[in-house]
1. Calculate the FRET efficiency for Val313 and Ala159 from the Cβ-Cβ distance with a Förster distance of 45 Å, rounded to the nearest 0.05.
2. Which lysines have a Cα less than 16 Å from the Cα of Lys307, not counting those fewer than 8 places away in the same chain?
3. Treat each spin label as a single point 7 Å out from the Cα along the C-beta direction, and report the Asp372 to Trp19 distance in nm.
4. When Lys and Arg each count +1 and Asp and Glu each count -1, what net charge do the other residues less than 12 Å away from Ala205, Cβ to Cβ, add up to?
5. Using the structure shown, select from Lys179/Lys369; Lys68/Lys177; Lys99/Lys306; Lys177/Lys390 the pairs with a Cα to Cα distance greater than 22 angstrom.
6. With a point put 7 Å past each Cα toward its Cβ, work out how far Arg254 is from Leu140 in nm, to one decimal.
7. For Thr276, Thr192, which order do you get if you count the other beta carbons within 10 Å of each Cβ and list the fewest first?
8. Order of Arg219, Arg15 from fewest to most other C-beta atoms within 10 Å?
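Computed from the coordinates by the stated procedures, all read-outs in this text should not be read as laboratory data. None of the values given here were measured: they were computed from a predicted structure. Positions of Cβ are backbone-derived with ideal geometry, glycine not excepted, and every protein chain shown enters the neighbour counts.
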Amino acid sequence: MQKNRPEGDVEEGVRKIEWARAHMKLLESAEEELVRGGQLRGLRISMAMHVEAKTGCLAIALQKAGAKVRLAGCNPLSTDNDVALTLESRYGVETHARKGEAEEEYYENLNRVLDINPHLIIDDGADLISLVHTERREMLEDIIGANEETTTGVNRLRAMHSDGKLEFPVLAVNDSKMKYLFDNRYGTGQSTLDGFMNATNLLLAGRNAVVAGYGWCGRGIASRLKGMGAIVSVTEVDPIKAVEARMDGFRVGRMRDMIGDADLVITATGCRDVVTYEDMLRAKDGCMLANAGHFNLEVDVENLRKKAKSRLVRRYVEEFRLENGKKLYLLADGRLLNLVSGQGHPVEIMDMSFTVQALGAEYMAVRGKEMDPGVYTVPQEIDVRIARMKLKVEGIKIDRLTAEQKAYLSEWKEGT
């Protein structure tokens, strides 16, 4: 059992989970299919994800499908304690997570989740998969495969595979169209702004905001900031994405040049040292720094803490006095803003993402033993299946190609 149990309200946890379940119709349908198919029955699944209501619904669905599920957090500050406590006490999902874990406790909890000797891993950030390959290698023989939820984790796993170190197949759930086109863009866009407003209670309209990175997460954040009336600039290292940001109507430049008049900087790159301490010294007095990437390395928090004096001014806002006399404000300890000071992505967004996870787990349970080690794209038929499920839930009907149209599109002769 967990050594440091979270302090939470079980009844509130039930309300949060049941509210999410009521709005996750795709996952409900997937759960029914998994129960009928029986492909997960008897399998052990270790999960490391953000422990909140929507994740709880996924864990419950997998357990109802016959799997033994054990869940840990994938970030020390993203756990909802009400949900963590409730999952175990009311829904029977053994959970090892609490908000505010120290690093040692975080890894202890990951190891407790692995103690069931899993057949499948569902990961967010690849810490579980990395741990198996480094410290828990005795488990490799029984692992069929894994799913990875986020961009950062997929990048890590592709690097592992390039180095010849990845020893089982992994589905890159993040690269599923029904995940990244909606979760990364609309989910991150809305939930990051939710986190900002909850942390600060400040206005976005009229503020100079810099978004670092113009991938799917960055473009979602930038578009939502623009929609709220912010004056938005984008920094990039990819010239194609930089041109795209420019064509989408944003100022584009280098962080060192943009930060001088920024009221708010939000990083969303999946890389480290995006805002360096040298950048901070150039920053506008009173600039707020926030991160929407998986790890708290995008803003150089380590050097900021070493070189500047700080005090907590709000629950999720820390003021730093720099050596040049300027003040900066770090939001959510430089960790995931949308989950530390917000509630994460909207329920309907995670309904799509976690349906990809559920059906991906079924796919891996059936096919994983036949697959070589590597990082695999979620099959197109799963994406299309979920898209059709979503349209059905929304009551939307779309056209279908006629036989003549199919023939026309497959013909190459001019004028036919």
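1. 0.70
2. Once the sequence-local lysines are set aside, what remains near Lys307 is Lys326, Lys327.
3. 4.9 nm
4. Residues close to Ala205 contribute a combined charge of +1.
5. Lys179/Lys369; Lys68/Lys177; Lys99/Lys306
6. With each label placed 7 Å out from Cα toward Cβ, I get 4.3 nm.
7. So the ranking, lowest neighbour count to highest, is Thr276, Thr192.
8. Fewest-to-most ranking of Arg219, Arg15: Arg15, Arg219.
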